[in-house]
Amino acid sequence: MNTVADPLFDHSRHTELIPARAPAASTWPHFLVGQPDQPIRVLLVDDDAHMRRVVSQELLTDPRIHLVGQGASLREGKRLIALHEFDVMLVDLNLGDGTGFQLIEYMKSMRPVAEAVVVSAMEDEEHAIHAFELGATGYLIKNSWFGSFPQAVLQVVNGGASITPNLARRLMKRLDGSPRAAGVPAHASRGAASGEKLSDREREILRLVATGHTSCEIGKRLGISDQTVNTHIKNMYRKLQVRTRAQAVNLASMRGLL
């Protein structure tokens with residue numbers, strides 16, 4: 001079991017354990033990203049100590065997840081992002097000294113291939129849409145999310161999205177009749193046509209991203225370094241005017257680039 005100490009939580013005064021809701025790792029298909037021998041690295045940033053404890057307990061009980069750090073503020077979140085290599089950040093929108101929106105923007109500037117999943121008490125569509133436009137690929141409402149937090153993490157690293165069902169239904173109604181792909185910023189739907197074209201190598205990498213390959217796997221397959229892969233992905237983001245792998249794949253699919 002992974003163990004990560006939370007400096008903001010006094011374990012000596014709290015002994016209650018939160019039951020784990022994570023599905024058995026043995027049921028996780030071997031071809032998907034997130035295996036016990038190569039777990040998904042997660043950061044958790046939430047100023048609510050109780051909620052942070054609930055989420056961290058679930059993450060720590062799943063061998064497919066490695067919780068690398070926890071924070072309770074925008075400042076601490078930025079420090080964790082700069083300090084650790086990670087794959088997914090779970091973040092609240094209210095952080096006391098700032099907002100989760102600011103932290104998502106900072107994360108995308110520092111770690112463009114990392115995923116962000118919002119865990120918030122705010123369930124209106126405007127907050128969710130803004131988070132998605134900044135690059136988030138998940139939005140979980142604290143009082144309405146009855147799924148597994150590890151499962152949400154695993155969904156987004158495998159090219160999916162994780163959204164509380166009742167919010168997803170409301171978003172679908174708002175987007176009904178819109179030509180824009182879910183999760184793709186409005187400016188992106190018109191940006192690729194007039195922007196730079198993807199190179200053959202970038203399209204090759206994008207096809208591998210679309211099939212769920214990690215940067216490490218892509219690098220090994222193409223005989224290039226992880227850093228080179230990430231540089232190509234950053235260039236694709238710029239050309240397509242998107243912020244996440246899921247948005248890049250959605251837009252490229254719409255435009256027949258895959």
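The values are calculated or read from the model by the stated rules, or taken from the named source; none is laboratory data. Bear in mind that the values here come from a model prediction, so they are computed numbers and not experimental data. Every residue, glycine among them, receives a Cβ derived from its backbone with ideal geometry; neighbour counts consider all protein chains shown.
What about Met89, is it closer than 15 Å to Leu43 by Cβ and buried (at least 19 other Cβ atoms within 10 Å of the Cβ)? Here the answer is yes, as Met89 does meet what is asked.
Within region 117-135, being in contact (Cβ under 8 Å) with a residue 40 or more places away in the chain, closer than 27 Å to His213 by Cβ and of a type in the set (Gly, Ala, Ser) holds for one residue alone: Gly135.
Taking the residues in region 140-156 that are farther than 11 Å from Thr244 by Cβ, part of a helix (DSSP H, G or I) and in contact (Cβ under 8 Å) with a residue 24 or more places away in the chain as candidates, determine which candidate is nearest to the chain's Cα centre (by Cα). Filtering region 140-156 for residues that are farther than 11 Å from Thr244 by Cβ, part of a helix (DSSP H, G or I) and in contact (Cβ under 8 Å) with a residue 24 or more places away in the chain, the one nearest to the chain's Cα centre (by Cα) comes out as Val153.
Exactly one residue out of Val33, Val68 is of a type in the set (Val, Ile, Thr), in contact with a Gly (Cβ under 9 Å, 6 or more places away or on another chain) and farther than 21 Å from Ile141 by Cα: that is Val33. Here Leu206, Leu251, Leu257 are screened, and the one residue that is assigned to a loop (DSSP other than H, G, I, E, B), touching a residue at least 12 places away in the same chain (Cβ under 8 Å) and buried (at least 18 other Cβ atoms within 10 Å of the Cβ) is Leu257.
Scanning region 49-81 for residues that are of a type in the set (A, V, I, L, M) and over 24 Å from Val33 (Cβ atoms) yields Ala49, Met51, Val54, Ala72, Leu74.
Among the strands (runs of 3 or more DSSP E) confined to region 36-139, the ones with at least 2 residues that are of a type in the set (Gly, Ala, Ser) are located at 65-71, 115-120. Which ones in region 138-150 are modelled with pLDDT under 90 and within 25 Å of Pro29 (Cβ to Cβ)? Matches in region 138-150: Trp145, Phe146, Gly147, Ser148. In region 235-246, is there at least one residue being modelled with pLDDT under 75, hydrophobic (A, V, I, L, M, F, W, C) and over 17 Å from Val113 (Cβ atoms)? Checked region 235-246: no residue is modelled with pLDDT under 75, hydrophobic (A, V, I, L, M, F, W, C) and over 17 Å from Val113 (Cβ atoms). The set of residues from region 26-46 being surrounded by fewer than 18 Cβ atoms within 10 Å (Cβ to Cβ) and among the acidic types (Asp, Glu) comprises just one member, Asp37.
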